[in-house]
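Have a look at the structure below before the remarks.
The values are calculated or read from the model by the stated rules, or taken from the named source; none is laboratory data. Note that the structure is predicted; figures quoted are calculated from it, not measured. So basically every Cβ, Gly included, is an ideal-geometry build from the backbone, and we count neighbours across all protein chains shown. The protein model used for the area step is the full one, side chains on, heavy atoms only, and it has no ligands, DNA or RNA in it. Shrake-Rupley method; radii C 1.70, N 1.55, O 1.52, S 1.80 Å.
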Amino acid sequence: MSAGHALTRAISARFAEALTARPPDPPIDVACARVQHAAYVAALAALGVTVVTLPAGDEPDGCFVEDGAVVAGGVALITRPGAASRRAETHALAEALAPHAELRHMAAPATLEGGDCLRVGRRLFVGRSARSNDAGIARLGEVFGPLGYRVVAIALPARVLHLKCVCSPLGDGRVLVAEGALPGGAFEDVPLVTIPAAEAYAANCLARAGHALMADGYPRARAQVEAAGLTVTALATSELRKADGALTCLSVVID
Ligand code: CIR
């Protein structure tokens with residue numbers, strides 16, 4: 001168990017209107033999403049993390065707090081999401097983060113979403129995507145460079161929404177990644193744990209101190225993570241997935 005804090009935000013009554021690449025069929029079940037969100041918060045708390053859950057706002061995608069801030073070295077960079085409909089979400093997040101971190105901001109034309117940012121030690125890998133542009137990536141370097149972090153950009157294939165849709169940190173210097181999802185060498189010399197491409201959704205896990213919260217229903221991915229030495233808690237994610245979301249998206253972890 002390790003101490004730490006995390007912010008989450010309750011599921012909006014408008015969650016069924018969340019942004020999606022394709023309209024979900026069947027549509028999002030908001031009540032079920034709330035049950036899944038509550039299980040996520042409980043699982044995070046069971047890892048010893050102190051979880052603060054902000055009340056839901058009007059914004060349909062507001063529960064995906066990860067996209068609104070990048071936190072490292074005592075600083076929180078409040079992002080300017082590439083999805084214009086998501087920009088208002090950052091206000092509540094900034095307010096909640098203010099007691100925990102020094103806030104920084106970014107201005108147009110920069111766009112960045114936290115789902116594109118993956119930290120391993122002193123390296124911040126960032127996906128250049130439809131949501132995070134070069135000016136946003138430059139701002140990331142401007143804010144975190146002086147704190148000793150090196151920003152490494154990874155060009156994402158067009159079909160990938162965020163970098164962490166296909167990979168995530170295992171919390172011990174390794175990265176979990178879906179086979180073939182990213183260009184070879186994207187993570188420099190960082191050791192990788194690879195899962196089959198067919199189970200790519202499960203590459204987004206929330207790992208901490210030897211424990212991983214993973215999406216339920218991906219047995220080969222789970223076996224790989226267990227073989228890598230982590231204990232796994234599997235969580236239902238059907239409604240999050242319909243909204244193009246996954247597990248890391250639901251929290252901002254402040255160590
Ligand atoms: C969106 O399209 O922005 C949301 N429906 C999903 C965001 C998921 N966030 C994440 O992967 N970090």
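Between GLY141, GLY127, GLY173, where does the largest GNM mean-square fluctuation fall for the chain, given springs only between Cα atoms within less than 10 Å?
GLY173
What's the extension gain from LEU103 to ALA236 if we count 0.36 nm per residue and subtract their Cα-Cα distance?
44.6 nm
How far is it, in nm, from the label point at ASP189 to the one at LEU147 when both lie 7 Å from their Cα along the line to the Cβ?
Here the modelled spin labels are 2.5 nm apart.
Select from ASP189, ASP116, ASP58 the residue whose mean-square fluctuation is largest in a Gaussian network model of the chain (Cα-Cα springs shorter than 10 Å).
ASP189
State which stretch of the chain is the longest one without any exposed trypsin sites (Lys or Arg not before Pro), exposure meaning a DSSP loop state and at most 12 other Cβ atoms within 10 Å.
1-121
Filter the GluC sites (Glu not before Pro) in the range 169-255 down to the DSSP loop ones having no more than 10 other Cβ atoms within 10 Å, then list what survives.
Numbers: sites: GLU179, GLU188, GLU199, GLU226, GLU239; in loops: GLU179, GLU188.
Listed in order of number, the matching sites are GLU188.
What's the FRET efficiency of ALA197 with ALA21 using the Cβ-Cβ distance as r and R₀ = 25 Å, to the nearest 0.05?
Plugging the Cβ-Cβ distance into 1/(1 + (r/R0)^6) gives 0.90.
Just the number please: accessible area per residue for the chain, 1.4 Å probe, all protein chains included, in Å². Write down the numbers at each step before the final one.
On the way: 10490 Å² over 255 residues.
Per-residue value: 41 Å².
With θ set to phi - 60°, apply the Karplus curve 6.51 cos²θ - 1.76 cosθ + 1.60 along the range 110-118 and write out the HN-Hα couplings as whole Hz, x wherever there is a Gly or Pro.
These are the phi-based 3J(HN,Hα) values: 5, 9, 7, 10, x, x, 8, 10, 9 Hz.
Quick one: with all protein chains in place, what share of the accessible area of the chain is carbon or sulfur, to the nearest percent (1.4 Å probe)?
C and S fraction of accessible area: 55 percent.
Rounding to the nearest 20 debye, state how big the charge dipole of the range 73-183 is about its Cα centre with +1 on each Lys and Arg Cβ and -1 on each Asp and Glu Cβ. Walk me through the intermediate numbers first.
Numbers: 14 positive and 9 negative charges, 36 e Å.
Dipole size: approximately 180 debye.
With θ set to phi - 60°, apply the Karplus curve 6.51 cos²θ - 1.76 cosθ + 1.60 along the range 229-237 and write out the HN-Hα couplings as whole Hz, x wherever there is a Gly or Pro.
Result, rounded to whole Hz: x, 9, 8, 10, 10, 9, 10, 6, 9.
What ³J(HN,Hα) values, in whole Hz, does the Karplus curve 6.51 cos²θ - 1.76 cosθ + 1.60 give for the range 4-16 when θ = phi - 60°, with x put for Gly and Pro?
Whole-Hz 3J(HN,Hα) from phi for the range 4-16: x, 10, 9, 9, 10, 9, 4, 6, 5, 4, 9, 4, 5.
If we sort 72-78, 200-206 on the protection proxy, mean other Cβ atoms within 10 Å, highest first, what's the order?
200-206, 72-78
Mind listing the long-range amide H neighbours of VAL120? Cut-off is under 5 Å, sequence gap 5 or more, other chains count too, H placed in the peptide plane at 1.01 Å from N.
So VAL120 has HN proximity to PHE125.
Which whole-angstrom value gives the distance between the alpha carbon centres of the range 41-80 and the range 129-154?
20
Can you tally the net charge around ALA6? Count Lys and Arg as +1, Asp and Glu as -1, for every other residue whose Cβ sits under 13 Å from the Cβ of ALA6.
0
What percent antiparallel are the DSSP beta bridges of the range 5-254, to the nearest 5?
45
Taking the chain as a Gaussian network, where each spring joins two C-alpha atoms under 10 Å apart, which residue of LEU182, LEU147, LEU112 fluctuates the most?
So, out of LEU182, LEU147, LEU112, the one fluctuating most is LEU147.
Can you compute log10 of I(q)/I(0) for the chain with the Debye formula, treating each Cα as one identical point scatterer, at q = 0.09, 0.12, 0.13 Å⁻¹?
For the requested q values the scattering log ratios are -0.34, -0.63, -0.75.
Per 0.36 nm of contour for each residue apart, how much would the distance between ALA155 and ALA83 grow if the chain were fully extended, relative to their Cα-Cα spacing?
Separation in residues times 0.36 nm, less the Cα-Cα distance, equals 24.1 nm.
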